[in-house]
Each structure stands twice: as C-alpha cells, then as structure tokens.
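Comments concern the structure below.
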Amino acid sequence: MSTRDLEQQRRRDGAYSWDVFEDAAESGRFLETFMVTSWLEHLRQHQRVTNTDTAVQDAIRAIGAAAELRLRQARGHPA
C-alpha cells in the first residue's frame, strides 16, 4: 500500500487536487493536501470511508510510525 492508494481514495471521493509534501522546515514530517469543492463535500468524504480505505490509511500510518515519520493531514477548499 502506498500514498498513491490514498490519492485514489481522495480522488474517488471528490478531490480535484491531491499531493504529499515533506515539510522543508522539519525533515521527516509530511503533509497530505487535497482540495474538494466545499466543506460539505469534505464532510461527506467521512461518510464514504470503506474498510479498504481504513486499511490503506492504517498501513500508511504504520509505515510512518516505523520510520519515525509524523504524518499530518490538511484539508481545504476554494475560497
């Protein structure tokens, strides 16, 4: 499982932009960003989480924990 699996989840659930960046100020910290059309759409994403989605997210967190990485997620929408 990889971050690309996570990207596929986000896009399936309405994200029109997605990426992962390493924090330039703090090596080993990563930030997932994705854009959806509205806050309401983002809230709907929470209702569409499948067991497979949870497994992918848990696997990514486990990789991060094993490598001592701290993962953060940021959510946004257009102004």
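The values are calculated or read from the model by the stated rules, or taken from the named source; none is laboratory data. Nothing here was measured: the structure is a model prediction, and the numbers come from that model. Every residue, glycine among them, receives a Cβ derived from its backbone with ideal geometry; neighbour counts consider all protein chains shown. Areas reflect the complete protein model, heavy atoms only, side chains present, ligands, DNA and RNA absent. Shrake-Rupley method; radii C 1.70, N 1.55, O 1.52, S 1.80 Å.
The rows are residues; the columns are (1) modelled with pLDDT of 90 or more; (2) within 18 Å of Ile63 (Cβ to Cβ); (3) open to solvent by 100 Å² or more (accessible area, probe 1.4 Å).
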site: Ser2; (1), (2), (3): no, yes, no
site: Leu6; (1), (2), (3): no, yes, no
site: Ala15; (1), (2), (3): yes, no, no
site: Phe21; (1), (2), (3): no, yes, yes
site: Thr33; (1), (2), (3): no, no, no
site: Val36; (1), (2), (3): yes, no, no
site: Gln45; (1), (2), (3): no, no, no
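Each row is one residue, and each column tells you yes or no for (1) out of contact with any helix residue (DSSP H, G or I) (no Cβ under 8 Å at 6 or more places or on another chain); (2) of a type in the set (Lys, Arg); (3) under 16 Å from Thr3 (Cβ atoms).
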position	(1), (2), (3)
Asp13	no, no, yes
Ser17	yes, no, yes
Phe21	yes, no, yes
Glu26	yes, no, no
Met35	yes, no, no
Leu40	yes, no, no
Arg44	yes, yes, no
Val49	yes, no, no
Asp53	no, no, yes
